[in-house]
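The values are calculated or read from the model by the stated rules, or taken from the named source; none is laboratory data. This is a predicted model, so every value here is computed, not measured. Virtual Cβ from ideal backbone geometry, glycine too; neighbours counted across all protein chains shown. Please note that ligands, DNA and RNA were not included when accessible areas were found on the heavy atoms of the full protein model with its side chains. Shrake-Rupley method; radii C 1.70, N 1.55, O 1.52, S 1.80 Å.
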Amino acid sequence: AWGGGALWAVSLCVGPRWVGGDCGRGPHGCGPWQRPRIRLRPVKVLVIGSGARENAIVRALTLDSSVDAVIAAPGNPGIDAIALCRDLPHGVTDVEGVAALAAALGVDLVVIGPEAPLVAGVADAVRKRGIACFGPSAQAARLEGSKAFAKEVMAEAGVPTALAHVCTTVDEVVGALDALGAPYVVKDDGLAAGKGVVVTDNRAQALAHAVQCLAKPDGRIVVEEFLDGPEVSLFCITDGTTVVPLAPAQDFKRAEDGDEGPNTGGMGAYSPLDWAPASLVQDIVDRVAQPTVDEMRRRGTPFVGVLYVGLALTSRGPRVIEFNARFGDPETQVVLARLVTPLGGLLHSAAIGKLDEIAPLHWRPEHAVAVVIASKGYPQSSRSGDVVEGLSEVGDNAYVLHAATALGKDGAIVSAGGRVLSVVATGSDLAQARDRAYDLVDRIRLKGSQHRTDIALAAQRGEISVHG
Ligand code: AMP
Ligand code: GLY
């Protein structure tokens, strides 16, 4: 069902313009009075992106009874099965193309999945058209777009993170590597799809990565102190003022079992984290997310969307490894598998500056596990065009989300990139969720595909502990 639903005149801040009074909160900036065209609920939602994360977001939105229509652009064949997909001929970073599509569709809310459109300013262009948008402005998305900028904000906000040196020359890199010692952590300053970081004991390899990054135009790198301890991803929904944390998850960044091999975008995830201290989430909100959101607002570049806090729980306490300006992939797949609170209402509240009115979130007590099936060669390369079989298999409390898939000539689903599918399962404990996920993984066939077999295994065995 399209549209329908009464339009309500309400006093809400929805974009660069202000409807019906003085907002005072400022996250979106206020301007002259504008004809109110804001719905109280996000009836029609446009989701930008084409990964398994967006498939999970679309799936959750279709389960929200206040949402009548979900459109994804460009989406993928898995999304197409549950929502409408629209082309973006010039891609997701085509700022005006996305804003024009949102306006033409008459959506109430745009949810931006990946980082590239955020850094390019898609959220700004959408808001300029008076459409509510879940996702930070280009200025605020620099928290992800530049690691050096993130470090500067963290220093200003007193947020605990790794010691770091920002370097633009090889001499500076050599000095920083020697000052911090092994293991060496070298990060490309800009966006690199999770592949810009090298962590190694091999000094020559660390230096080679730095040299490669510095060779890019405006190349800049960050050399960082090594952080030891289990990693946690915490998604904090924010309207620029109020912060609402979701359930924490753990991601598996390395390509191979046992955390071997190169870094990837993420090969699997699980949630919740039974081994984490009960106070962890509030502690991270108080020490990391709220101070960062407050600092961004103080700078006049409020952050609206999801602040992804990636942390290491070290013997000296939690330390931020990275900020992202969007939901994580594949953590979103497990977090949304457990969220009972309707997603559309939650994201819409953040987008219109009303997150303080949201009731406490509800969660299913189950555990969720996601396993990524990647194509041969990922992350160094990827194979496309191989037929994916077994997608019609139905698992027990398990389902398949699409990422890099495409419709082949004969209507078959084929691989179209590195991370092809996410298989998600829930269970009463991690063992059951893992069994269900891997049972479905084993029934899906893709030539040369790879997946990790140890997602959530250490947690299931009780092998994860937090220092101190
Ligand atoms: P990032 O892109 O900054 O999230 O880094 C990707 C991955 O590299 C992280 O998830 C960690 O596993 C690892 N990593 C990044 N920074 C550090 C650090 N300072 N110490 C240890 N491992 C790190
Ligand atoms: N799973 C890590 C990320 O989304 O960046």
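General observations
- Residue within the range 434-454 that is open to solvent by less than 20 Å² (accessible area, probe 1.4 Å) and over 21 Å from Arg254 (Cα atoms) present: yes
- Test result for Ala247, within 13 Å of ligand 1 (Cβ to nearest atom) and on the phi < 0 side of the Ramachandran plot: no
- Answer residue from the range 321-352, given it is in contact with a Lys or Arg (Cβ under 9 Å, 6 or more places away or on another chain) and among the β-branched types (Val, Ile, Thr) and is farthest from ligand 2 (Cβ to nearest atom) among those: Val340
- Hits in the range 432-448 - residues which are part of a loop (DSSP other than H, G, I, E, B) and under 16 Å from Leu401 (Cα atoms): Arg443, Ile444
- Filtered residues of the range 377-422 (kept if of a type in the set (A, V, I, L, M), in a loop (DSSP other than H, G, I, E, B) and surrounded by fewer than 18 Cβ atoms within 10 Å (Cβ to Cβ)): Val394, Ala412
- Whichever residue in the range 247-258 is modelled with pLDDT of 95 or more and charged (D, E, K, R) and, among such residues, is nearest to ligand 2 (Cβ to nearest atom): Asp251
- Residue ID - farthest from Pro136 (Cα to Cα), chosen from residues in the range 228-246 that are at pLDDT 95 or above and not in a strand (DSSP E or B): Pro230
- Single residue of Leu227, Leu177, Leu163 found to be more than 22 Å from Met267 (Cα to Cα), open to solvent by less than 80 Å² (accessible area, probe 1.4 Å) and either in contact (Cβ under 8 Å) with a residue 24 or more places away in the chain or not polar (S, T, N, Q) (or both): Leu177
- Number of residues in the range 384-413 that are under 18 Å from Val441 (Cβ atoms), under 24 Å from the mean Cα position of the chain (by Cα) and not polar (S, T, N, Q) equals 7.
- From the list Ala148, Ala157, Ala141, the one residue that fits, being away from ligand 1 (no atom under 16 Å from the Cβ) and closer than 30 Å to Val110 by Cα, is Ala157.
- The one condition in (1) closer than 21 Å to Phe149 by Cα; (2) open to solvent by less than 20 Å² (accessible area, probe 1.4 Å) that Pro291 fails to fulfil: (2)
- Among the residues making up the range 180-224, those that are part of a loop (DSSP other than H, G, I, E, B), over 16 Å from Ala148 (Cβ atoms), more than 16 Å from ligand 2 (Cβ to nearest atom) and open to solvent by less than 50 Å² (accessible area, probe 1.4 Å) are Gly181, Pro183.
- The listed residue being among the small types (Gly, Ala, Ser), surrounded by fewer than 24 Cβ atoms within 10 Å (Cβ to Cβ) and within 13 Å of ligand 1 (Cβ to nearest atom), out of Ala255, Ala276: Ala255
- Listed by first and then second residue, the pairs linking a residue in the range 302-325 that is more than 20 Å from Ala123 (Cα to Cα) and modelled with pLDDT of 95 or more to a residue that is of a type in the set (S, T, N, Q) and within 14 Å of ligand 2 (Cβ to nearest atom), with Cβ atoms under 6 Å apart and 6 or more places separating them unless they lie on different chains, are Gly310/Ser233.
- When Ala157, Ala150 are screened for being within 16 Å of ligand 2 (Cβ to nearest atom) and in contact with a helix residue (DSSP H, G or I) (Cβ under 6 Å, 6 or more places away or on another chain), only Ala150 passes.
- Taken together, Ala289, Ala269 contain a single residue that is closer than 29 Å to Ala132 by Cβ and away from ligand 2 (no atom under 16 Å from the Cβ), which is Ala289.
- Test: Phe235 is away from ligand 2 (no atom under 16 Å from the Cβ), open to solvent by less than 10 Å² (accessible area, probe 1.4 Å), under 23 Å from Glu54 (Cα atoms) and touching a residue at least 24 places away in the same chain (Cβ under 8 Å): no
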